[in-house]
Amino acid sequence: MKKTKILITGGAGFIGSNLIKKLIETNYIVCLDNFSTGQRKNIYNFKKHKNFEIINQSVLKKISGKYDFIYNLACPASPYHYQKDPINTFKTSIIGSCNVLENAYKNNSIIFHASTSEIYGDPLKHPQDENYFGNVSTIGPRACYDEGKRAAETLFFDYKRMHSLNIKLVRIFNTYGPNMSPNDGRVISNFIVQSLKNKPITIYGSGRQTRSFCYIDDLINGIITYAKLKKNIGGPINLGNDKEYSIKEIAIIIKNLTGSKSKIVHKEKQVDDPYKRRPNLKLSKSILKWSPKIDLNQGLMNTIKYFKTIV
């Protein structure tokens, strides 16, 4: 039986590599990544697999090849990385989306796009549902990512309207788990690395700001469930965990789980950092019959175990 040929842009990244792991046995996977933020070690075990191919390329260049399905995950996703080169981040969202969309249109491929909860900005509506248009600064240091992702959504839906392209778009909320980079500046990875090294656990602001954290296995299951959905429902659909924790709660939980001697310290609040963030999962539960299953403690223990091998 002929295998489905799948292109995964940003395949060496945190989400991309976990997606490859789930799909590689029954599909032919082409991983496109320029390794600007993706980690080669994340895909090392796939390199000799008969169903795997690597294209070392940026999505800013024209994408060749014919694919049955495209997962567009390419874009720096952590504040440290996307603010490091904000112009390139913005270009990746816009030009990169145009390139994958053109390829999908030319070859009549189904295309999945990883958008983000950051399109909601510092929300005035809580929890956030897919009909909320957001509260986003266009000129702040996070705008390169937030506004880039918002514009990418526009491109995807214009291709759907103009060319009847079969798109599947999700807004991914905070996710954690194995294959995260230890220096990506995300809350979970920061706290775990600092705890394991018994260094100060740094909280920006009061720590009363809240987030909801989804374990990577749950997210991947949600993505694949959506990908397999026969109905041509473009989305957007929120994927994440709807249990809400304060940042200080997360720091204390990680400190206790690691048995760390770290002290918790507070630094100045980051510019445009959202005060609250939690998904309304009504659509994912009703359309996909999906909801997260793995509780925070179990997910954190799995993640801590992974980080112990790399730091």
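The values are calculated or read from the model by the stated rules, or taken from the named source; none is laboratory data. All values reported here derive from a predicted model rather than from experimental measurement. Neighbour counts are summed over all protein chains in view; Cβ atoms, including those assigned to glycine, are modelled from backbone coordinates with ideal geometry. The area values use the complete protein model at the heavy-atom level, side chains included, leaving out ligands, DNA and RNA. Shrake-Rupley method; radii C 1.70, N 1.55, O 1.52, S 1.80 Å.
Structural remarks
- Protection proxy ranking, peptides 138-149, 233-244, average beta carbon neighbours within 10 Å, highest first: 233-244, 138-149
- Subset of Lys160/Lys230; Lys168/Lys285; Lys106/Lys293 violating a 27 Å alpha-carbon distance limit: Lys106/Lys293
- Rg/Rh for the stretch 9-55 (Cα atoms only, Rh after Kirkwood) is 0.91.
- Solvent-free Debye scattering, log10 I(q)/I(0), computed from the Cα coordinates of the stretch 1-128 at q = 0.11, 0.21 Å⁻¹: -0.39, -1.23
- For the stretch 196-311, the equivalent ellipsoid built from the Cα gyration tensor has semi-axes of 31, 18, 11 Å, listed from largest to smallest.
- Heavy-atom accessible surface of the chain: percent carbon and sulfur, 1.4 Å: 51 percent
- Checking [x] 30, 22, 18; [y] 40, 23, 17; [z] 30, 25, 18 against semi-axes √(5λ) of the Cα gyration tensor in Å calculated from these atoms, the matching label is [x].
- As a calculated quantity, the FRET efficiency between Gln270 and Ile55 at R0 = 30 Å, using C-beta atoms, amounts to about 0.30.
- Principal-axis analysis of the Cα atoms of the chain puts helix 14-23 at an angle of about 50° to the longest axis.
- Straight-line cross-link partners of Lys50 among the aspartates and glutamates, defined as a Cα under 17 Å from its Cα and at least 8 positions apart when in the same chain: Glu25.
- Contour minus Cα-Cα distance for Asn183 and Met301 (0.36 nm per residue): 40.6 nm
- Over the stretch 118-224: Kirkwood hydrodynamic radius from C-alpha pairwise inverse distances, Å: 16.4 Å
- In this Cβ point-charge picture (+1 for Lys and Arg, -1 for Asp and Glu), the chain has a dipole of about 780 debye about its Cα centre.
- Additional length obtainable on full extension of the chain from Thr154 to Leu124, 0.36 nm per residue less Cα span: 8.6 nm
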